[in-house]
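Working notes for the structure below.
Coordinate-derived values only; no laboratory data. Only a predicted model underlies this, so the values are computations on that prediction, with no experimental measurement involved. All Cβ positions, even for glycine, are placed from backbone atoms using ideal geometry, and neighbour counts span all protein chains on display.
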């Protein structure tokens, strides 16, 4: 998956949960990524955040830190 | 089983509240009040002669054959129109009645061809039967008088003929068209002797007739009869099975001579169709034995090589060897599989078991990914389970019907007929759709409100409807308080009440007038039982899941859940979309919608399957293709799914498949995906195997083998052989054993077995100890998840935007006579109605571009370009164009994009920014496609296999 597509998909998730209070939103984004993204995709996202996470919604950046190592 | 004639009780059962006891020929019988004497007699086992009466239609009283005598009353009333009354003593036989009936029959026969022995209906003709029953021995009038015997035959319809010389003008066909189908295409033209059945146009094909077959079904003579019966004669045996087209799941009798199907007739006991059918299920079954069927396994090293026919054994061994080679080289997770919504529950269950247990990954997905995956996500989040809430019959108690993003008369025609019956009886209708579908205004049906929204603004509109409910105090507070999670409700109420969600605020974006939207919202909230029916116009959006939750919010807020007549009802596209999802086809969950990370569930499966399972979600279809392009996904087993034609951005799909080292396609035909396949495994049609389908109302119905598999193996046997070759043992003797395993491992299916299905006809899940005979309406006492959960559904416009380069919005869909990628219907005479995909465009948009009706136009998006013919129609709103995806040469998914639903990756087929301009030739992609198709045909020919 291209970086652009990954960023777009992750940001879509963040936008859905952005209507919730921050803690709920962070939990929602992290839970969604954990439940529905395959490990390779999550790993790529985690690496991307580690490299700066350019273009990512801030909810994604913060939620990724809650993901277990995969 | 041998042919069994269904008992015809003459008229429908009475709908009165009490029970009436009477005597018919001295036999005591009790029937519901309002029941006709004709039916009461039939219940008592007394067959009164009849011709214009059938229990499929309301009584009519025209043929005068069913006359009876009633003690204490004068004359001989028609038993079909006379209600049974308490204490009545009815006599059905007397010299006077015999004389009267013979007189009637003499008149009929005096104007009827005496060709019984060569007539196609010989042996299945009610007129013939009645002549015998009344003892007709002569026709005193002779045959020389004026008659209709020279009336010309109408053979224009590809599936049935209309021979007016055999017509007795009983009006059954006209009434069936009205009462059963609701199209009102047929009428009686002329008066007296000149009365004839007319389809309106110059012939049937030119008329409004939708070829549902209801008229043919009720015709008591050979006037309307299937061409297959004319060609081949009457069937000798029948097998009751379930249709393999849409998600309505009609039961049919496959009628056969030996192993040749000669007719499919809708089964009266079908609880989803009640004896009705549509043009696809009733007539478009010829594909099952089409010459294009591939019935021998084939392999090739490269996709540019010719195919080589091999034995099943070699094909399976080769496939297993390739998959193991790929896993050895690229890792366990480098292969996966795709289940099909066209296959049975047992087959989809086996494929996902193969992937999880034999492949060792969770890289399994299903074609529901591209249609109703947001339904699964949204309804599970709100209610706790991924399924529609009602049975189809529930619509009969609906007072308000809200249809959103669905076109039932085309895509779910048999249910549409049921819905239209309810609408004709007084229910109110709201339609929300960018395209003016037929339901908005058709014979005796008119929407109270039609909201023609702009594609991509569903969520804005549903929020605005909810805004009206909340701000005008239309919330069912008692229901919410008792049944819903109050914290989530308060959160949602605050959100949706904000001014930015008001009808006035969203009018500019959605294109829906605020006044109409407010009125529609009030009707939904206050009009009595309100039911939502929706289709892919809801799900195939970047906010598909959000919209599903938005509808769930609305239904909960207004208390429209948990009883008949209400609910949130997805109309599933394919026959077994519900079932394929139920069976654990998604990469993140086992059967029964239990996440793979749930340890207790996983341990149960590990114990049953004797293997260690992964607790991480696998790849979805688009993720598999992305991973293939990246080089980490190398092999795929695709059962009954044509990714290349049906998935978005065709060129990306093709690139993904081309990057794999072993693509295995199991299908009836060499579909578009097979162009990229290294192994082709012949599939078996629904006529060739045993199993079950689960329809849109969660109804599990039997699929029964009518003929042996043409390729020697049913699909489940092929999957089993592949698993065994991979070293993971599967040893089912019959699909019933697979269902037994499903029942053991899936709480909602715990009470399901083939024995029960054969006994009850069908059951709706949940079917378990709490509901041994199934569950027609869900969430009656409480939601599956406990309290219903409201979700905040912020409207977020799609990133697929119009611009000066792409100023129009394309939305796609399907039509009545073709079905999805057309693999089945394109191989039938249904092509007569839709031989190519066309682009519907509003006359203003066409005029601005210098486009005439029928002209070739280029349809261009950011993803690609195709050409097709333009059809000018005011069905479309300005700024929006529409086409279908039934024909591969059109390649409509060349222009659709990879934008997808945020939660499920369901593609956003319904919103693509496009430009349309006149064109002189096919697009480059289409030229390339044609060359590829020709090359493949040549390769196939060189193999000596044939094909198209």
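With the Cα gyration tensor of the range B:484-537 giving a ≥ b ≥ c as the square roots of its eigenvalues, does the rule (a/c under 1.5 for rounded; else a/b larger than b/c for prolate; else oblate) give rounded, prolate or oblate?
It comes out oblate by the Cα gyration axes.
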Orientation-averaged projected area, Cα convex hull of the range B:205-335 (nm²): 13.4
Rounded to 5, percent antiparallel among DSSP beta bridges of the range B:808-935: 60
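Averaged over its residues, how many other protein chain Cβ atoms are within 10 Å of peptide B:427-437's Cβ atoms?
Averaged over the peptide's residues, the number is 0.
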Cα centroid of the range B:260-286 to Cα centroid of the range B:913-932, whole Å: 38
Peptides B:151-161, B:514-524 ordered by average Cβ neighbours within 10 Å, highest first: B:514-524, B:151-161
Sorted peptide list for B:492-505, B:215-228, criterion being average Cβ within 10 angstrom, highest first: B:215-228, B:492-505
Per-selection Kirkwood Rh - the range B:221-276 (Cα, Å, 1 d.p.): 11.9
Separation of alpha-carbon centers, the range B:70-103 and the range B:763-828, rounded to whole Å: 53
Expected 222 nm ellipticity per residue - DSSP helices of 4 or more, -39500 (n - 2.57), all of chain B, to 500: -8000 deg cm²/dmol
Shielding of A:5-12 by partner chains, average beta-carbon count, 10 Å: 4
Relative intensity, log₁₀ I(q)/I(0), of the range A:3-64 from a Debye sum that treats every alpha carbon as a point, q = 0.12, 0.21, 0.25, 0.27 Å⁻¹: -0.23, -0.73, -1.04, -1.20
Diffusion coefficient, µm² s⁻¹, Stokes-Einstein with Kirkwood Rh over alpha-carbon pairs of the range B:65-115 at 25 °C and 0.890 mPa s: 200
For the range B:654-669 versus the range B:355-404, the gap between their alpha-carbon centres in whole angstrom: 27
Potential lengthening between residue B:482 and residue B:47 on full extension [0.36 nm per residue; Cα-Cα distance subtracted]: 151.3 nm
Neighbour-count ranking [beta-carbon atoms within 10 angstrom, fewest first] of B:745, B:402, B:100: B:100, B:745, B:402
Kirkwood hydrodynamic radius (C-alpha pairs) into Stokes-Einstein, the range B:654-705, 10 °C and 1.306 mPa s, D in µm²/s: 121
Histogram of C-alpha separations across the range B:763-809, 5 Å bin width, %: 5, 15, 12, 11, 8, 7, 8, 9, 10, 8, 5, 2, 0
The range B:497-642: C-alpha gyration tensor shape, a/c 1.5 cut-off, then a/b vs b/c: prolate
Three-way shape call for the range B:253-328 based on the alpha-carbon gyration tensor, with the a/c threshold at 1.5: prolate
Using distinct alpha-carbon pairs, which all enter the 1/r mean, Kirkwood radius of the range B:1-145 in Å: 16.1
For the protein assembly as shown, projected area of the alpha-carbon convex hull averaged over all directions, nm²: 41.6
Ranked packing of B:346-354, B:463-471, most packed first, by mean Cβ within 10 Å: B:346-354, B:463-471
The range B:19-93: relative contact order in percent, alpha carbon pairs under 8 Å with at least 6 residues between: 39
Pair residue B:308, residue B:655: separation of 7 Å Cα→Cβ label points (nm): 3.2
Counting all C-alpha pairs of the range B:116-233, share separated by more than 26 Å (%): 20
Counting all C-alpha pairs of the range B:808-935, share separated by more than 24 Å (%): 27
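With only alpha-carbon pairs counted, each pair once and no self-pairs, how large is the Kirkwood hydrodynamic radius of the range B:373-570 in angstroms?
Every distinct Cα pair counted, the radius reaches 16.4 Å.
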Segment residue B:332-residue B:58, length gained on full extension (0.36 nm per residue, minus Cα span): 92.4 nm
Binned Cα-Cα distance frequencies in the range B:867-948 - 5 Å width, integer %: 3, 11, 16, 19, 16, 13, 10, 7, 4, 1, 0
Extension gain (nm, one decimal) between residue B:94 and residue B:934, 0.36 nm per residue minus Cα-Cα: 295.1 nm
Footprinting exposure proxy for B:684, B:442, A:54 (fewest neighbouring C-beta atoms within 10 Å first): A:54, B:442, B:684
Ascending count of other beta-carbon atoms within 10 Å, so fewest first, for B:8, B:837: B:8, B:837
Percentage, to the nearest whole number, of Cα pairs in chain B over 42 Å apart: 38
Rg over Rh, two decimals, the range B:19-93 (C-alpha only, Kirkwood Rh): 0.91
Stokes-Einstein translational diffusion, the range B:560-653 - Kirkwood Rh over all Cα pairs, 1.306 mPa s, 10 °C, in µm²/s: 98
Residue-averaged beta-carbon neighbours from other chains (10 angstrom radius) around B:787-794: 2
